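Notes to accompany the following structure.
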């Protein structure tokens, strides 16, 4: 990434502000105006357009991972090697040429930046037993090799982001050869992947190239000031490790801004605009339906998998052997009951797949959505509606057919459109997803005629859970679906 650096005063003159200006005012094309206090600026850097690609692996944190290493030209290239906290590569790596050393020194105890109270009183960050260091445990952007080489949109990952990346709950990993290069293939639940070449590390020469991968994080080791954390892997193992900062390791950037999932606030709740596991709101059933989960399970089964009691997580093979979420001893294993009626976070498919900010809606949440769009329920908790016959001009719940063209944002699939009574611009579309269920094997109720979404609320019959259920004319949340069946999930954002 090339940059152009202008002195502050030259920048002010170019902007016509004059040397005595107290702030620079940025006027955006969209009408936004931002003032910047001149006294806080050291210089102004103009970055060229960023052309580095990222991949969204659908991780709970929303982290977006770069396709290749800093200094690489392809995903298989090793790229450049950096000591931790340095932003330029070099031929050899040792204490004598490490940037953050006291002048003329060559020992670990003479590191002079990024230190904390680690009880290594022999280090120069202690004086007479008292800590005198800077207490900074994470790289500033000016010392971040990803930021300095690729621009402000990028930075080095945290150890937590690496841990999430290799967590089997969120990704699958495989050490493999790609285009003649060994490395770790990491694949998200959405099928997208990144490749981390086994670039080894460097001191005076290269080490373990082709057999190990070592990737710096932006964080110090939690144990020692002279160590920093990194991802390590080989053909049989992977972990977050920490070793001396002076070693040359590769860097895989992450986007500084995480992927934020869109939501619409209706009835006091923030509803996601698409399903868990989906990539679009509408358009095609393949992209908008998302993943199908048995109730209380957080991993989707494949289309050829078995959705039935014999494979259900919380029973011993039948609907009368429940091992969790059981309010009736008749259905519990050996009379088991726990009287749990709402999913725990670890069993919530939205929380497990999208992170702690999201959860599955309760039955009451769906009732609130209904009331915010259609008013009060009838005595049977049903709402009758008709198919859309023109552009939406008033609040309510509407059935949209696959062929409708009145609402261009929701074409290509059938489903329910919720329109807020307080603001008809606030809308939520629930595509018709069908469901997976067991009947002499595996069966699938195809999308197009039924809208079925789990809630996190157990039904009064504890072998079932409440769900939103609708056909082309009736909306209902009083029904319960068999817990072992596969239904889709629409998340709500927690406050």
Condition check for residue 284: farther than 23 Å from residue 149 by Cβ and surrounded by fewer than 23 Cβ atoms within 10 Å (Cβ to Cβ): yes
Residues located in the range 352-388, provided they are at pLDDT 90 or above, more than 27 Å from the chain's Cα centre (by Cα) and not in a helix (DSSP H, G or I): none
Selection within the range 406-445 - modelled with pLDDT under 90 and closer than 19 Å to residue 361 by Cα: 433, 434, 435
Selected residue (criterion: surrounded by the fewest Cβ atoms within 10 Å (Cβ to Cβ)) from residues of the range 461-476 that are at pLDDT below 95 and more than 18 Å from residue 365 (Cβ to Cβ): 473
Count of residues meeting criterion [under 15 Å from residue 251 (Cβ atoms) and surrounded by 14 or more Cβ atoms within 10 Å (Cβ to Cβ)] in the range 86-100: 5
Cross-chain or 6+ apart pairs with Cβ under 9 Å, the range 461-484 first and outside the structural domain of residue 309 (by TED's automatic domain parsing) and under 23 Å from residue 309 (Cα atoms), then at pLDDT 85 or above and crowded, with 23+ Cβ neighbours inside 10 Å: none
Enumeration of residues in the range 446-459 that are assigned to a loop (DSSP other than H, G, I, E, B) and either modelled with pLDDT of 95 or more or within 31 Å of the chain's Cα centre (by Cα) (or both): 446, 447, 448, 450, 459
Top-ranked residue of the range 389-439 - restricted to ones that are assigned to a helix (DSSP H, G or I) and touching a residue at least 40 places away in the same chain (Cβ under 8 Å), ranked as farthest from residue 293 (Cα to Cα): 409
Test for residue 301: is it in a loop (DSSP other than H, G, I, E, B), assigned by TED's automatic domain parsing to the domain that holds residue 396 and within 26 Å of residue 451 (Cβ to Cβ): yes
Residue that is surrounded by the most Cβ atoms within 10 Å (Cβ to Cβ) [pool: residues in the range 235-256 that are touching a strand residue (DSSP E or B) at 6+ places or on another chain (Cβ under 8 Å) and outside any strand (DSSP E or B)]: 251
Conditions (1) buried (at least 20 other Cβ atoms within 10 Å of the Cβ); (2) part of a loop (DSSP other than H, G, I, E, B); (3) in contact with a strand residue (DSSP E or B) (Cβ under 6 Å, 6 or more places away or on another chain); number of the one not met by residue 228: (2)
Condition broken by residue 104, with the remaining ones in (1) at positive phi; (2) touching a helix residue (DSSP H, G or I) at 6+ places or on another chain (Cβ under 7 Å) satisfied: (2)
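The values are calculated or read from the model by the stated rules, or taken from the named source; none is laboratory data. All values derive from a computational prediction rather than experimental measurement. Neighbour counts run over all protein chains shown; Cβ positions are idealised from the backbone, glycine included.
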